[in-house]
Amino acid sequence: MNRLNLISLGVRDINRSLRFYRDGLGFQTSVSEENPGIVFFNNAGTKLALYPLEELANDINEKDSPKGKGFSGFTLAYNAKSMEEVDEIFKKAEKAGGTIEKAPQRVFWGGYSGYFSDPDGFYWEVAYSEEWEFDENDMLIIK
């Protein structure tokens, strides 16, 4: 098992989250109806899905829901190809209703990085490094 195909985010308001990711950040999806049961985004590489939080929690364990509070130790990441791209994504995220948790800045590992959270509190790191390389699918090459 050496791949990750899908990341599902349990969201409180699927329409709000759809607008945030599709309209605000530009994620591509074929979903256009109101109140979809699930949303899949057609991004390169690993797919991202939105699913109602209550239904996702019940799917995991209907009798003892795992819905927690606070930071779970989980973040999502987008690796940019320039500092300007990082800044542009932060502008889009904030305009779409995201919260800037740590503004983009030079960081200890030599790159440029920051964090925002989406309307459900999922944390996204957007980062850039001059040393990163990408493959033909715009996926980060890790050596």
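Across segment 64-84, the qualifying residues are those that are modelled with pLDDT of 90 or more and under 21 Å from I7 (Cβ atoms), and the one among them that is most open to solvent (accessible area, probe 1.4 Å) is Y78. The condition (being free of Cβ contacts under 8 Å to residues at least 60 places away in the same chain and closer than 23 Å to K47 by Cα) is satisfied by just one residue among Y112, Y128: Y128.
Scanning segment 104-123 for residues being outside any loop (DSSP other than H, G, I, E, B), out of contact with any Lys or Arg (no Cβ under 8 Å at 6 or more places or on another chain), open to solvent by 20 Å² or more (accessible area, probe 1.4 Å) and not charged (D, E, K, R) gives a total of 3.
Among strands (runs of 3 or more DSSP E) entirely within segment 1-56, having at least 3 residues that are in contact (Cβ under 8 Å) with a residue 40 or more places away in the chain and either within 26 Å of M139 (Cβ to Cβ) or open to solvent by 90 Å² or more (accessible area, probe 1.4 Å) (or both) singles out 6-11, 47-52. Criterion applied to E88, E131 was being assigned to a loop (DSSP other than H, G, I, E, B) and open to solvent by 60 Å² or more (accessible area, probe 1.4 Å), and the one residue passing it is E131.
The values are calculated or read from the model by the stated rules, or taken from the named source; none is laboratory data. Quick caveat, the model's predicted, so the values are computed rather than measured. All Cβ positions, glycine included, derive from the backbone under ideal geometry; neighbour counts span all protein chains shown. To get the accessible areas, we keep the full protein, side chains included, count just its heavy atoms, and leave off ligands, DNA and RNA. Shrake-Rupley method; radii C 1.70, N 1.55, O 1.52, S 1.80 Å.
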